[in-house]
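Peer 1: Okay, handing you the structure first.
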């Protein structure tokens with residue numbers, strides 16, 4: 001089956017662009033929109049995410065992969081994180097606002113793709129820390145029909161406690177290391193301040209019980225980055241959620257760069273289960 005992919009930019013938070021791509025079958029109409037959100041130190045063109053997009057498009061979805069405006073990946077170089085300054089200025093509020101802007105664009109602003117999509121069938125997928133963002137957005141936006149988390153994080157406090165508060169505040173930043181590239185990236189104290197200032201919006205653990213939309217939780221039992229207990233805790237609160245355990249790791253067998261034209265077996269299972277969840 002022929003699928004088509006396009007890259008686009010729209011204005012995101014603080015005037016930095018949101019880069020995203022769309023993969024779809026141009027012969028289909030009224031397709032559900034599936035927006036995929038990367039995790040911490042992730043980006044839309046990492047590993048085999050393009051093969052995930054192709055699989056969803058072949059199943060009948062209008063699949064969108066986005067880079068948050070401040071994830072550190074420049075729109076002129078989508079291959080990796082190279083903008084440390086933007087990365088250090090990212091926070092959960094910016095990501096939620098970026099995601100809202102993208103949903104707004106698809107539902108209200110674009111004419112070019114409107115005849116392809118069902119604007120009443122918007123679905124979110126979040127991998128790793130992206131799970132926190134998609135769950136928070138689903139809680140505040142009733143336009144979202146279904147939400148799925150892959151190897152999801154849950155405890156927002158883990159990310160706002162990266163450094164002892166007094167040290168972080170005095171220095172102005174803390175450093176995190178990318179395990180793949182060994183590069184150190186700064187995270188400004190503004191990340192924690194954003195949480196303090198917007199705790200009512202960002203306290204996922206307090207609000208998760210209010211999530212009404214269908215929820216799919218997929219987690220690998222061998223995940224040593226975001227423990228499977230994250231999904232177990234959510235499933236215990238959201239009784240209507242569907243919880244699938246796999247034997248996989250945090251990326252379900254994927255790595256970056258990915259040179260094969262096939263998905264790793266575990267990630268293929270995750271993809272197929274999510275396609276079924278969406279109803280295709």
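Peer 1: Label points 7 Å out from Cα along the Cβ direction at residue 112 and residue 209: separation in nm?
Peer 2: 4.6 nm
Peer 1: What's log10 of I(q)/I(0) for segment 185-272 at q = 0.14, 0.16, 0.19 Å⁻¹, Debye sum over Cα points only, no solvent?
Peer 2: -0.71, -0.86, -0.99
Peer 1: Quick check on packing: order 37-44, 98-105 by the mean number of other C-beta atoms within 10 Å, highest mean leading.
Peer 2: Put in order of decreasing packing, that is 37-44, 98-105.
Peer 1: To the nearest whole percent, what portion of all C-alpha pairs in segment 72-194 is separated by more than 17 angstrom?
Peer 2: The answer is 66 percent, as a whole percent.
Peer 1: Further question on the same structure: In degrees between 0 and 90, to the nearest 10, how far off the longest principal axis of the chain does helix 92-104 point, with axes built from Cα atoms?
Peer 2: Around 20 degrees separate the two axes.
Peer 1: As I understand it, the value is the acute angle between the Cα axis of helix 130-140 and the longest principal axis of the Cα atoms of the chain; what does it come to in degrees, rounded to 10?
Peer 2: Rounded to the nearest ten degrees, it is 80.
Peer 1: Which whole-number percent gives the relative contact order of segment 217-280, counting Cα pairs below 8 Å spaced six or more residues apart?
Peer 2: This gives 32 percent for segment 217-280.
Peer 1: For segment 40-111, with equal point scatterers placed on the C-alpha atoms only and solvent neglected, what are the log10 I(q)/I(0) values from the Debye formula at q = 0.21, 0.23 1/Å, to two decimals?
Peer 2: Results for segment 40-111 at q = 0.21, 0.23 Å⁻¹ read -1.02, -1.11.
Peer 1: Can you give me the convex hull volume of the Cα atoms of segment 136-241, divided per residue and expressed in Å³?
Peer 2: Each residue corresponds to 124 Å³ of Cα convex hull volume.
Peer 1: Could you work out the Kirkwood radius for segment 6-141, taking every pair of different alpha carbons, averaging 1/r and inverting it, reported in Å?
Peer 2: For segment 6-141, the Kirkwood estimate is 14.8 Å.
Peer 1: With only alpha-carbon atoms in the gyration tensor, what are the semi-axes of the equivalent ellipsoid for the chain, in Å, largest first?
Peer 2: They are 27, 21, 20 Å, listed from largest to smallest.
Peer 1: Moving to a separate point now. Could you work out how much longer the chain between residue 30 and residue 237 gets when fully extended? Use 0.36 nm per residue separation minus the Cα distance between them, nm to one decimal.
Peer 2: 71.2 nm
Peer 1: Let me ask you something else. Using only the alpha-carbon atoms, how far is helix 49-59 inclined from the longest principal axis of the chain? Give it as 0 to 90 degrees, nearest 10.
Peer 2: On a 0 to 90 degree scale, this one is about 30.
Rule-based calculations on the coordinates, nothing more; no lab input. Because the structure is a prediction, the values reported are computed rather than measured. So basically every Cβ, Gly included, is an ideal-geometry build from the backbone, and we count neighbours across all protein chains shown.
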